[in-house]
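Worksheet: one structure, shown below.
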Amino acid sequence: MSDFGMRMPGGRAKRAAGVDVYTGLMGLAVAFLLLACVVLYMQGSKIGKDGSAIGIQEPGKIVIKDAGKK
Amino acid sequence: MHTLTKIFVAAAAVLSVALATLTMAYAVNADRIVKELRAERAAKEQANASKDAAVAEYGMQRQLDEARVQDLSSRLTALQNTLVEREQSLARSEADRAVAQQAVLAGQTQIEVAQSGVKTLTEILSGQSTELAALRTSELRLRTDLREITDRFNNTEAERDVYASNLRAMTERLTELQHLLAAAGGSTAAGSNSGGSLLSAYFTGRVDEVTLDSGSNETLVRLNVGSTDSVRTDADLFVTRGAEWIANVRVVQVDLNYCVARVVVTAAGRAIQVGDTVESRLQ
């Protein structure tokens, strides 16, 4: 029953978890994932259809936004 | 697990999904762009090949054009030479034309003179034509008068012939009446000539044929004299041979140019033969 979070009489009181190394690693992973997402979005916007990072180009009808700009 | 860790895990999950989505889209777009790039490169190479062929063709065409330009240049030079010659010829022609114009002016003057002469001749011819028409009319009238006069002359000739015939007939009738009157007076009576008469006009003829009439048993002769020689029926004619009298014949039938007579009396021992002479009177 304790698995369901029920406090059973006589049960030992659960101690709150603290910030550990895993929390730091997850934070770092989240930061890098966020950076990767930003970079990939920017690069994908360059080759995506109509400047959209998630737009799929149609075969034979490749359209790149601002292709004429240098 | 700490709440912050949970939050990081959830954020990592969301970011992983987003990253996966972006990665797939990027990969697909990159692949298609690469394919398009390759196709464009192939097209570019093909275009370059076509360009090279066109350039080569252009070079050949240019060489041909240059040769044509040279040919045209030579022809232009020849044409310019011809043009110069033509200009010189034109100048000569202009001079000739000026001379010809002067000749034309002189000819026009002569033509005017000739026209005036023709006009005069035309007037003369017109007058002569009028006179010729009048002369022809007069000639026609004269010919008509001549024809009328000829007709009158012919009529007069015919009348004269008729009158002459009548006169001759009347003269013969008068002679016959005189003979009859003499016979009625009893001065002459010949048994062998009874019923016959002598002709006043003298003529000679010839015996053409001698036949014997079986019906009357009389000798008939055909003579080459007729009514045109004043022979008439019952006239007595004399047949001679040279200076010898042969026989007397009496006309029984008369035609214009011959007559038939029967033998009245014959000299002793003589007979009429073809070719004997016949006379109206004995000389």
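The values are calculated or read from the model by the stated rules, or taken from the named source; none is laboratory data. Source: prediction; values computed, not measured. Glycine also receives a Cβ, built like all others from the backbone with ideal geometry; neighbour counts cover every protein chain displayed.
Quick notes on this one:
- Residues located in region A:39-59, provided they are in a helix (DSSP H, G or I) and within 8 Å of chain B (Cβ to nearest Cβ): A:Leu40, A:Tyr41, A:Gln43, A:Gly44, A:Ile47
- Some residue of region B:70-77 being of a type in the set (A, V, I, L, M) and either in contact (Cβ under 8 Å) with a residue 60 or more places away in the chain or farther than 30 Å from A:Asp20 by Cα (or both): yes
- Scanning region B:261-279 for residues that are of a type outside the set (Val, Ile, Thr) and assigned to a loop (DSSP other than H, G, I, E, B) turns up B:Ala267, B:Ala268, B:Gly269, B:Arg270, B:Ala271, B:Gln273, B:Gly275, B:Asp276.
- When B:Gly269, B:Gly275 are checked against the criterion of being surrounded by fewer than 19 Cβ atoms within 10 Å (Cβ to Cβ), at pLDDT below 90 and more than 27 Å from B:Thr171 (Cα to Cα), B:Gly269 stands alone in meeting it.
- When B:Ala39 is tested against the conditions (1) more than 60 Å from the chain's Cα centre (by Cα); (2) at pLDDT 95 or above, the lone failure is (2).
- Among residues of region B:21-34 that are modelled with pLDDT of 90 or more, those with a Cβ under 9 angstrom from a residue that is surrounded by 15 or more Cβ atoms within 10 Å (Cβ to Cβ) and among the hydroxyl-bearing types (Ser, Thr, Tyr), sequence gap 6+ or separate chain, pair up as B:Leu22/A:Tyr41.
- Residue within region A:15-32 that is on the phi > 0 side of the Ramachandran plot and outside any helix (DSSP H, G or I) present: no
- Of all residues in region B:3-50, those satisfying the criterion of being facing chain A (nearest Cβ under 7 Å) and more than 23 Å from A:Thr23 (Cα to Cα) are B:Thr21, B:Leu22, B:Thr23, B:Ala25, B:Tyr26, B:Val28, B:Asn29, B:Ala30, B:Arg32, B:Ile33, B:Glu36.
- Scoring B:Asp234 on the criteria (1) touching a residue at least 60 places away in the same chain (Cβ under 8 Å); (2) within 21 Å of B:Arg173 (Cα to Cα) leaves a single failure, condition (1).
- Pairs, first within 20 Å of B:Thr233 (Cβ to Cβ) in region B:259-273, second of a type in the set (Gly, Ala, Ser) and surrounded by fewer than 16 Cβ atoms within 10 Å (Cβ to Cβ), C-beta under 7 Å, six or more apart: B:Val264/B:Ser192; B:Val265/B:Ser192
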